[in-house]
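See structure below.
The values are calculated or read from the model by the stated rules, or taken from the named source; none is laboratory data. Source: prediction; values computed, not measured. FYI the Cβ positions are ideal-geometry reconstructions off the backbone, even for glycines, and counts take in every protein chain you see. Keep in mind that these areas ignore ligands, DNA and RNA; they rest on the heavy atoms of the full protein, side chains included. Shrake-Rupley method; radii C 1.70, N 1.55, O 1.52, S 1.80 Å.
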Amino acid sequence: MNALTRIIALGDLASIRQGHPFRGAIAAVADGPVQVIQLKNLAVAGLQEREALLRTALRPRKAPHWVQDQDVLMAARGNHPMAMLLRDPPQFTVCSPHLYVLRVGNPELLLPAFLAWQLNQRPAQAYLRQQAAGSRQQSLRKVVVAQLPLQVPPLAQQQRVIAIARAAQAERQCLEALIHNRQQEIAAVAERVLEGCGA
């Protein structure tokens, strides 16, 4: 560990709140003015099915907590408490109550992207799994998330880690695209051969 790295509890660096308190199933409204990010939309690489987020309508007693750019979303339930950096979310978007919304208080001390990266690494994941409550559907209490110890290195080091992680993610996406294209090519060749048309 770098001598300049500090260990600070997550709750001292970011606000933590649960997603919108929907009661029961979220009612889908085709042209609803509000979009909802759910567990299935989370991925380390970013928001999934961005153009097909569930739409609904809200009638809250007070103004909803809309998600913002650079919020970190983390699964509050399940066996894999994945975290994701939110980038440029659609306007008027909330999270389901199965997600925590983490908002860094001082980005000059802790970069949101570095927080998301660290939450997905083995030490944080081991802590969260160990602290998860419930035998069938594991859930994380807010106090447990707040007490998670974070390694906070200097900003320049955080930026280097993020750059390396993003480069690795880009390489992974390229490889997956190549594999997908090759599989389609093989399938097309197989179809021609099995139909007696030759390769």
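Taking the range 43-80 as the search range and keeping residues that are part of a strand (DSSP E or B) and open to solvent by 80 Å² or more (accessible area, probe 1.4 Å), which one is farthest from Asn106 (Cα to Cα)?
It comes out as Arg55.
Taking the range 96-111, which residues are in contact with an Asp or Glu (Cβ under 8 Å, 6 or more places away or on another chain) and either surrounded by 21 or more Cβ atoms within 10 Å (Cβ to Cβ) or among the small types (Gly, Ala, Ser) (or both)?
Result: Val101, Leu102.
Output the number of residues of the range 34-48 satisfying the condition of being in contact with a Leu (Cβ under 8 Å, 6 or more places away or on another chain) and in contact (Cβ under 8 Å) with a residue 40 or more places away in the chain.
9
Read through the list (1) in contact with a Phe, Trp or Tyr (Cβ under 9 Å, 6 or more places away or on another chain); (2) surrounded by 13 or more Cβ atoms within 10 Å (Cβ to Cβ); (3) farther than 21 Å from Leu39 by Cα, then give the number of the only condition that Pro149 fails.
With respect to (1) in contact with a Phe, Trp or Tyr (Cβ under 9 Å, 6 or more places away or on another chain); (2) surrounded by 13 or more Cβ atoms within 10 Å (Cβ to Cβ); (3) farther than 21 Å from Leu39 by Cα, Pro149 is out only on (2).
With the requirement that a residue be among the small types (Gly, Ala, Ser) and at pLDDT below 95, what does the range 76-95 give you?
Ala76, Gly78
Every residue in the range 39-71 that is within 10 Å of the chain's Cα centre (by Cα) and farther than 22 Å from Arg172 by Cα, please.
Residues satisfying the conditions are Leu39, Asp71.
Is it the case that some residue within the range 170-178 is of a type in the set (D, E, K, R), open to solvent by 50 Å² or more (accessible area, probe 1.4 Å) and not in a helix (DSSP H, G or I)?
no
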